[in-house]
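Novice: I'd like to ask some things about the structure below.
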C-alpha cells in the first residue's frame, strides 16, 4: 500500500511547477486528524444513520412519501446534532411522486408458485385482483408486432428476456488490488476507435427505445390487462426502472411488473411448450400530484475566520433511491457517511475557517436534478456559463456515490494542481487502505454538476464490493449489504478531507472555466 502512495505522489510532483509549490506549502493538522480518526472509528453513528435511512424511511423514489420521510428525518437529525441552517430546500419543478401500496404476483396454473417482482415506477395499479392467461410477445422489429393483433385483449403480456442469467465462477464482490490501484495513478489510456462504433451504438439504442415505445402503445390499444418484463439479474435479483414518465401530463400506461429473470424464463418456457399459463396479480400504486417540486436537504457548520467564513466547503450524496429495495448502497451509504462526517466534526467542536455545508440531493436517479439545479440556483448555469456571486466562494465539493466500499483514494477529475494536495491529505490514512490519487475523471453522479461550471468537484475511489453485480438499482439493495467497517473508514476520510479544505489558506485550485456550449446552427 505504501508503494502506491509513493507512486501517486510522484505523479503529482511531475505535473506542474505551481503544483509543486502548493504541495510544499500544504499543512496538515495531525492532532485534529487523530481525533477525527478516533471519533469515527470508535464512536461511530454511521450504521445507526443508515438504519434510519433504509429500514425506517424505506424506499426513497423521487418525490415519493419515502423520500419525504427521509428529507424530514435528515433535516431534523442534523439540527439535533447542532448543525446550523438545517433546511429542506426546493430546487425547482420535478414532477409526480409515486409509491407502492401493494404488490403481489403468482403463477396459478399449471400450478401455484409465488414470483419475485415489483411494479415499475410510475405505472398504475391493477385496480383489484387480476387472474388472467398469459401471452408471450416476441418482437425484434415493429413489423413483428402485427401478428399479435387481436390476441392480447384481457391477457397478461409476457415479454422476452434479453440477458439470461448465467452461472458464474467468480465472487460477486471484490476489492481493488494493489496492481489495479497502481494503474489508476497513470492517465487513462484512450480507447481504440471503432469504425462507426459510437454512432452504431446510439442508433441501436434509439431503435430499441422506439420499439419499446411502439410495444407499449400497441399493448394499450389492443386492450391487454398488464405486462411482465425484466431488465435482467440473477439468483432472484432483478434490476428496476421506471415504466412511465414522471411528468404530470404523462400518457397513461398499463400496469407493469418487473420480474426476476428466473421467474420470467420459467413462464416463457411453459408458454413456448404450449402449456397454458395463468397468473394472478394485484398491485396498488399511488401518484402524488399535490407538490411537484424537488428538494435537497442542506445544513452547515459555520466558518469562524473573519476573512474566510463566507467561503464554503461542500460535501454531498444523493438521498433518493429506486423503489424495489431500500436504497442502501445507492445511496443511503453515501448519505450516512456524509452525515457522519459532519457529526464527527461537530462533536469535536472544530472551528473551521470556512463554512462547511452538507447537501443530500434529491432526484439524482432521474438525471442529477437536485445537484444540477442547486448549482444552477447558487453558482451558475452551464448552458450559458453565466456565473453567480457564490461561484467565487466555493472552495471544494466532495461526493460519495459508489456503494458501501471503503475509500481507496480520490479522482482528481483532470485537475493536475490538486493531485499533490490530495496525496498529502491521504498520507495519514495509508494504513486504512486509502493511498491513491488518480488524475482520471469519473462520471455518473453529483460532482459532475459542479465540474460543469468549473468548480472543484470530486468523487472518491471506493472498493466496488457487489455494487455492480448485486445491489445497484436492484431488489437486493438492502441494509444487509452495507459494510460497517468500510463506512466508518469512509466517514473518517471524508471528515478529514472536508476539514483540510476548510482550513487551507487558499481554496482548492480550479481547472480552466469551461466554455459555454455553442448553439447549433439553425436550418433555414
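We did not get these values from a lab; they are worked out from the coordinates using the rules stated. Everything numeric here is computed off the predicted structure, so don't read it as measured data. When we count neighbours, we look across all protein chains shown, and the Cβ atoms used for this are built from the backbone with ideal geometry, even at glycine.
Novice: Can you give me the angle between helix 30-42 and the longest principal axis of the chain, using Cα atoms only, in degrees from 0 to 90, rounded to the nearest 10?
Specialist: Roughly 30 degrees between the two axes.
Novice: Simple spin-label model, 7 Å along Cα-to-Cβ: residue 511 to residue 291 in nm?
Specialist: Computed distance between label sites residue 511 and residue 291 equals 3.6 nm.
Novice: Which of 335, 57 has the fewest other C-beta atoms within 10 Å, and how do the rest follow up to the most?
Specialist: Ranking 335, 57 by Cβ neighbours within 10 Å, fewest first, gives 57, 335.
Novice: Okay, moving on. Residue separation times 0.36 nm, minus the C-alpha to C-alpha distance between residue 85 and residue 214: what's the value?
Specialist: Full extension of this stretch gives 41.6 nm more.
Novice: Could you tell me the calculated FRET efficiency between residue 69 and residue 147, based on Cβ-Cβ distance and R0 = 30 angstrom, to the nearest 0.05?
Specialist: So the FRET efficiency works out to roughly 0.05.
Novice: Share of Cα-Cα pairs in the range 101-286 beyond 26 Å, in percent?
Specialist: 42
Novice: Mind pulling the angle between the C-alpha long axis of helix 65-80 and the longest principal axis of the chain? Nearest 10 degrees, somewhere in 0 to 90.
Specialist: Tilt relative to the chain: about 20 degrees.
Novice: Report D for the range 128-177 in µm² per second (integer): Stokes-Einstein, Kirkwood Rh on Cα pairs, 10 °C, 1.306 mPa s.
Specialist: Estimated via Stokes-Einstein, D reaches 108 µm²/s.
Novice: Calculated from DSSP H runs of 4 or more alone, at -39500 (n - 2.57) each and per residue, what is the 222 nm mean residue ellipticity of the chain, nearest 500?
Specialist: Counting only the DSSP helices, I get -9500 deg cm²/dmol.
Novice: Would you mind calculating the relative contact order of the chain from Cα pairs under 8 angstrom and at least 6 residues apart, reporting the percent as a whole number?
Specialist: 24
Novice: Based on the Cα gyration tensor of the chain, what are the three equivalent ellipsoid semi-axes, each the root of five times an eigenvalue, rounded to whole Å and given largest first?
Specialist: 44, 24, 23
Novice: Over all directions, average the projected area of the Cα convex hull of the range 49-193 and note it in nm².
Specialist: So the mean shadow area of the Cα hull is 18.2 nm².
Novice: Rounded to whole Å and sorted largest first, what semi-axes of the equivalent ellipsoid does the C-alpha gyration tensor of the range 386-447 yield via the square root of 5 times each eigenvalue?
Specialist: 24, 15, 11
Novice: Defining a contact as two alpha carbons under 8 Å apart and six or more residues distant in sequence, what relative contact order in percent does the range 101-286 show?
Specialist: 47
Novice: According to a simple spin-label model (label point 7 Å from Cα along Cα-to-Cβ), what is the distance in nm between residue 278 and residue 170?
Specialist: For residue 170 paired with residue 278, the spin-label model returns 4.6 nm.
Novice: Roughly how compact is the range 345-457, stated as its Cα Rg over 2.2 N^0.38 Å to two decimals?
Specialist: Compactness ratio reported: 1.14.
Novice: What does DSSP give for the chain in terms of the percent of beta bridges that are antiparallel, rounded to the nearest 5?
Specialist: Rounded to the nearest five, the antiparallel share is 55 percent.
Novice: Further question on the same structure: Hey, could you get me the Stokes-Einstein D for the range 406-478, Kirkwood radius over alpha-carbon pairs, 4 °C and 1.567 mPa s, rounded to whole µm² s⁻¹?
Specialist: D, rounded to a whole number, is 96 µm²/s.
Novice: Please compute the modelled spin-label separation between residue 138 and residue 191, points set 7 Å along Cα→Cβ, answer in nm with one decimal.
Specialist: 3.2
Novice: Right, next: State the Cα centre-to-centre distance between the range 326-369 and the range 382-412 in whole Å.
Specialist: That distance is 12 Å.
Novice: Return the whole-Å distance between the Cα centroid of the range 415-463 and the Cα centroid of the range 41-104.
Specialist: Cα centroid to Cα centroid, the span is 26 Å.
Novice: If you don't mind, there's one more thing I want to ask. Using alpha carbons only, how many degrees (0 to 90, rounded to 10) separate the axis of helix 484-503 from the longest principal axis of the chain?
Specialist: Approximately 50 degrees, to the nearest 10.
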